[in-house]
Amino acid sequence: MVQTEAYVILSMVLFAIGTLGVLLRRNAIIVFMSVELMLNAANLALVAFSRQWQGVDGQLFTFFVMTVAAAEVAVGLALIVAIFRTKQSINIDELHTMEG
Amino acid sequence: MQNLALIAPLLILFPAVGAFINFVWGPKLNERASAIIGSVAAGATFFVALGLLTYLTGNFYQPAIVNPPLLDGWIRIPSVGLEIPWQQRIDTLSVTMMMFVTFVGTLIHIYAAGYMHGDKRFSRFFAYLNMFLAFMLILVSGNNLLMMFVGWEGVGVCSYLLIGFWWDKPNGEGIKNSNAARKAFIANRVGDFGVLLALFLTFWTFGSLDFFKQGEVANPAHYGHLVHEGEASHAEEATTAEGESHGEEAVPAEGEAHGEETTAAEGEGHGEEVMAATESHGEEVMAATEPEYVDNAHLTYNELGIFGKAEARIHLADGETLDAGDGTQISRTVVIGPWTADIQTVITLIVLFMLLGAAGKSAQIPLFVWLPDAMAGPTPVSALIHAATMVTAGVYMMVRSNTFFYNAPEASLVVTIIGGTTALVAGFIAMGQWDIKRVLAYSTVSQLGFMVAAVGIGAYGAAIFHMMTHAFFKALLFLGSGSVIHGMEHGHHHLHGHDDHGGHDDHGHDSHGHDDKHGHDDKHTAAHAVEEKFDPQDMRNMGGLRSKMPITYVTYLIGTLALAGIFPFAGFWSKDEILADSWFAGVFDGKIGGYIAFALLIAAAFMTAFYMWRQIEMVFHGEARHEAAKHAPESVWQMTVPLIILAVFSVFIGFINIPSGIGFFSLGLDGVFGLHTLTNWLEYSVLHAHAGEFNGLVALIATVLGFAAIFLANRIYGGNKALTNDGRDPLQANAATGPFWALANARMYWDETYQRLFIGPFQRISQLLADIDWNFWHDYVHDSVITRGFNGAAKLLSEPVDQGLIDGTVNGVGRLVKWFSGLLRRAQTGYVRVYAVALLVGVVAVIVLMLLPVLRG
């Protein structure tokens, strides 16, 4: 039986990778994938703690996260398609018209 | 009966209300309503005056002092002892004035209803007339100098308003009218200055302005005299001292002093002849209100009016003192600032100041120049204000102040000289005038000179008598002249109505031709630019009006004879009394003033008869010299009825003061003649009114001179010789009299002299001051100092302070915010990544904050 700590560490690593991906990558698709990675890191941690405590709350919550993530993907990809159509690029550094 | 005096405030109230109604609702009222309101208000005052007359005769001539209910206490400054109540004095003098003022005033109101017909300011005219009446009655009924002064100024204002009533006539006429009004007002200001000084000096000297105080008897000697008659016990004692003792010994049950003979109550006098009858008569009426006091013995100095005080002080010996009632000692000496003066000197000064005031109001030399110009006003105004009533205010003031005048012989001499000279000068000028009203105006000045001269020689009763008769016949003459002018204008209109029918329609006349009388000429002038200027007042245009205007002619003739002093018309009695008094003053009292007055006045009387007959010849006799005169119609009834009434009075009013000693003229009617009714009546109010005895010689001289003047005038002007063929006066054409006539015609260059002496220099000074004002004050002080200083200060405030400091502060705050926000906005990069970092950092920070307590443990 794998230790819960291992899941948590893996979750932290995945989360860090996702965070760095969001912060460092410029391709919107990659950023999007990194966000998914962070969500799934969180899911992993939830599931791991759920097993640790023998409760179903964490697993239930995970389903919600996956559902929201699915919805988010639908909206997010649509936005990205719209951005691409106007800018012919999905480099998020070119999207700074909201600058103060 | 006692309370009848309380109607006195109505005297002022009625005309004031009439004036108010006509002022406020006048424009909405038609002529008829305006005229009725005005005339009824005037007529009502006459009945009030009549009521007051009844009061006096029923109360043994006991004067009443009436405090109107709402005006109890008028000016009161207790800290300095100034107390001037608003009181009306009902005594024989004021009632005499009221009677003829209201009577003549009422008639003139009625006359004006006809004369002013068609005037566009008809109701305002009546408002002014009523206002005048109210002020005139304040003037005569006031019990103190200040009230008199209020009335004095009020009538001056009304006079000003009415002289300039036609201020909007075109062709420069209106300007002339306004100038005449201003001239009158300004000349009167000079006089008012004198009145004010007299008023101040009186107050300073006597600490009061009241003529008489409550319970004070104006003429103790007269009342004392009556007491003798009533008691018939002490034959010869009529001194004040005796009167006092009577007052104490014979107090009846009601606590009042004894009565007096009552023949006077029936309007008769108390000459020596009727003494016998009075005793029993007197007893019967005793039950009525007898005079409470017959002398002033019960009053202390402080409780006396100004005249009583003056009388008390002037009779003190040098160094003698008198207890004022509160312990203060009063002596002859008056302290005025750093100076001291004897009471005699002060009274002389007061008299001279009053003379200046009277010279203004009563048109004496040197201020008489305004009165002839005042004829610019409508004729009823000339008759009422500038002949009968207002101009007598100065004489009234002097007679009211007779105690002062009596006690200032030197000043009285000045008064005599002024009055006599005025009478002569004005009479002379009147002989050379063409304007029908101007002749009457100078005649008025001349007759006022008679009255003033009478005051100067101490004939106060005669002055009032002449004032009264003069009011009637001069009002009659003015109204007659108005009727003539009216007729001439209508004749002139009639003429043009025939000449030019088209023009006639344009004029918009009503059917009987009583059109707007003054607008009339102007319309004609506009319609017929080529027509010669027609002056309806110029006697050269008249002549032969006798047959056209019979009523006007007969009444005018009566007025003329009365003014000329022909027996038995009113003027004969009053003028003769003045002449006789001056003769007595000169011959028996040895006063130089008497001789002067007699010489000047007898010459003036001659001129009076002369210029009046000249006028009669020019206006009414001979042949018409102008087409207008041929077509002049008689006036309407509103105008002729007052003429007739006044004519009747001009004949008979002289009989109210028939002198004694009339000799065979009395025809055995000694009980009627020699009564001095008016003088005796006035003696209850006027301390020194004394009856002038009839002097056959004086009367003979005066009558002979009067007839001689008429005869002479008839020889010169009679029989259609009023003008020479070249349109000149016969006297003008005559080489010997020409220069004199020219002098009279030029009004003795009086106006020109004033122009040169006063008005010219005054205008030059004004010009100089105007130059200073314009060049120095305006250009330098105003522009350089004030404007530039203001601009400088404003610039200082605007640039460094407002724009620099205030704007700087506000902008600085704004810029600071902008700079700071500039810093902050850099955080808003627009890069999603940066926000994500911030989010991350925030989350980490929150987690750290949450974990810190746990880690510390």
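The values are calculated or read from the model by the stated rules, or taken from the named source; none is laboratory data. Keep in mind that what you see is a predicted model, and the values were worked out from it rather than measured. For neighbour counting, all protein chains shown are included, and Cβ atoms are generated from backbone atoms with ideal geometry for every residue, glycine included. Quick note on the areas: whole protein, heavy atoms, side chains included, nothing else; ligands and nucleic acids left out. Shrake-Rupley method; radii C 1.70, N 1.55, O 1.52, S 1.80 Å.
Need one value for A:86-93: mean number of C-beta atoms belonging to other chains within 10 Å of its residues' C-beta atoms. Please report the intermediate quantities before stating the final value.
On the way: counts 0, 0, 0, 0, 0, 0, 3, 4.
Per-residue shielding by partner chains comes out at 1.
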Scale the Cα Rg of segment A:4-91 by the rule-of-thumb value 2.2 N^0.38 Å and send over the ratio, two decimals. 1.26
I'd like the FRET efficiency for B:Ala317 and B:Glu410, computed as 1/(1 + (r/R0)^6) with the beta carbon distance as r and R0 of 22 Å, rounded to 0.05. 0.60
Can you give the average number of partner chain beta-carbon atoms within 10 Å of each beta-carbon in peptide A:17-27, as a whole number? 2
To the nearest 20 debye, segment A:4-91 has a Cα-centred charge dipole, built from +1 on Lys and Arg Cβ and -1 on Asp and Glu Cβ, of 420
What does the net charge come to around B:Glu153 if you take all other residues with beta carbon closer than 12 Å to its beta carbon, with K and R at +1 and D and E at -1? +1
Part-to-part distance (alpha-carbon centres) for segment B:376-431 and segment B:66-136, which is given in Å: 20
Quick one: which bits of segment B:822-840 get at least 10 Å² less accessible when the partner protein chains are in, versus the chain alone, with a 1.4 Å probe? B:Arg825, B:Gln828, B:Thr829, B:Gly830, B:Tyr831, B:Val832, B:Arg833, B:Ala836, B:Val837, B:Leu840
Grab the other residues whose beta carbon is less than 13 angstrom from that of A:Arg51, score K and R as +1, D and E as -1, and report the net. -2
A:Arg26 to A:Met66: extension gain in nm, 0.36 nm per residue of separation minus the Cα-Cα distance? 11.9 nm
√(5λ) per eigenvalue of the Cα gyration tensor, segment B:788-857, largest first, Å: 54, 17, 4
Output the peptides A:2-15, B:7-20 sorted from most to least packed, where packing is the average of other Cβ atoms within 10 Å over each peptide's residues. B:7-20, A:2-15
Hey, rough spin-label estimate for B:Asn745 and B:Arg121, points 7 angstrom out along Cα→Cβ, what's it come to in nanometres? 3.4
Show that you can apply the helix-only estimate: for the protein assembly as shown, add -39,500 (n - 2.57) for every DSSP H stretch of four or more residues, divide by all residues, and state [θ] at 222 nm to the nearest 500. -20500 deg cm²/dmol
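In the neighborhood of B:Ser331, defined by Cβ-to-Cβ distances under 13 Å, what is the net charge if each Lys or Arg adds +1 and each Asp or Glu adds -1? Please list the in-between numbers first.
Details: positive: B:Lys309, B:Arg313, B:Arg332; negative: B:Asp318, B:Glu320, B:Asp323, B:Asp342.
Summing Lys and Arg as +1 and Asp and Glu as -1 gives -1.
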Could you state how much accessible area B:Glu173 has, in square angstrom rounded to the nearest 10, with a 1.4 Å probe and all protein chains kept in place? 50
Ignoring any ligand, DNA or RNA, what whole percent of the accessible area of segment A:4-91 comes from carbon and sulfur when the probe is 1.4 angstrom? 76
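Please give the peptides B:445-453, B:116-124, B:398-406 ranked by average Cβ packing (other Cβ atoms within 10 Å per residue), highest first, as a rough proxy for protection.
Numbers: B:445-453: 30.7, B:116-124: 19.4, B:398-406: 25.2.
Ranked from most to least packed, the peptides come out as B:445-453, B:398-406, B:116-124.
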Assigning unit charges at the beta carbon (Lys, Arg +1; Asp, Glu -1) and nothing else, what dipole magnitude in debye, to the nearest 20, does the protein assembly as shown show about its Cα centre? 6360
As I understand it, the dipole of the protein assembly as shown uses +1 on the Cβ of Lys and Arg and -1 on the Cβ of Asp and Glu, about the Cα centre. Which of B:Val445, B:Trp774, B:Ser79 lies farthest toward its positive end? B:Trp774
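Could you grab the relative contact order for segment A:4-91? Cα pairs under 8 Å, six or more apart, rounded to a whole percent. Spell out each step's value before the answer.
Numbers: 77 pairs, mean separation 25.5, N = 88.
This gives 29 percent for segment A:4-91.
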Tell me the label-point distance for the pair B:Val781, B:Phe711, using the 7 Å Cα-to-Cβ offset, in nm and rounded to one decimal. 7.0
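Rounded to the nearest 100 Å², what is the buried accessible area between A and B, both sides summed, probe 1.4 Å? Could the numbers behind the result be given before it?
Values: alone 7220 and 35690 Å², together 41970 Å².
Counting both chains, the buried surface is close to 900 Å².
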Quick calc: nm separation of the 7 Å Cα→Cβ label points for A:Gln52 and B:Thr753 -> 13.7
What does the highest-first list of B:348-358, A:22-32, B:823-833, B:380-390 look like by mean Cβ count within 10 Å? B:380-390, B:348-358, A:22-32, B:823-833
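Extension gain A:Met1-A:Val73, at 0.36 nm per residue separation less the Cα-Cα distance, in nm? Numbers along the way, then the final one.
Details: separation 72, 0.36 × 72 = 25.92 nm, distance 3.40 nm.
Gain on extension, A:Met1 to A:Val73, equals 22.5 nm.
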The protein assembly as shown: translational diffusion in µm²/s, Stokes-Einstein, Kirkwood Rh over Cα pairs, 25 °C, 0.890 mPa s: 71
So with the 1.4 Å probe, I'd like the accessible area per residue for the protein assembly as shown, rounded to whole Å². 44
Just subtract the alpha-carbon distance of B:Ala794 and B:Ala827 from 0.36 nm times their residue separation and send over the number in nm, one decimal. 7.2 nm
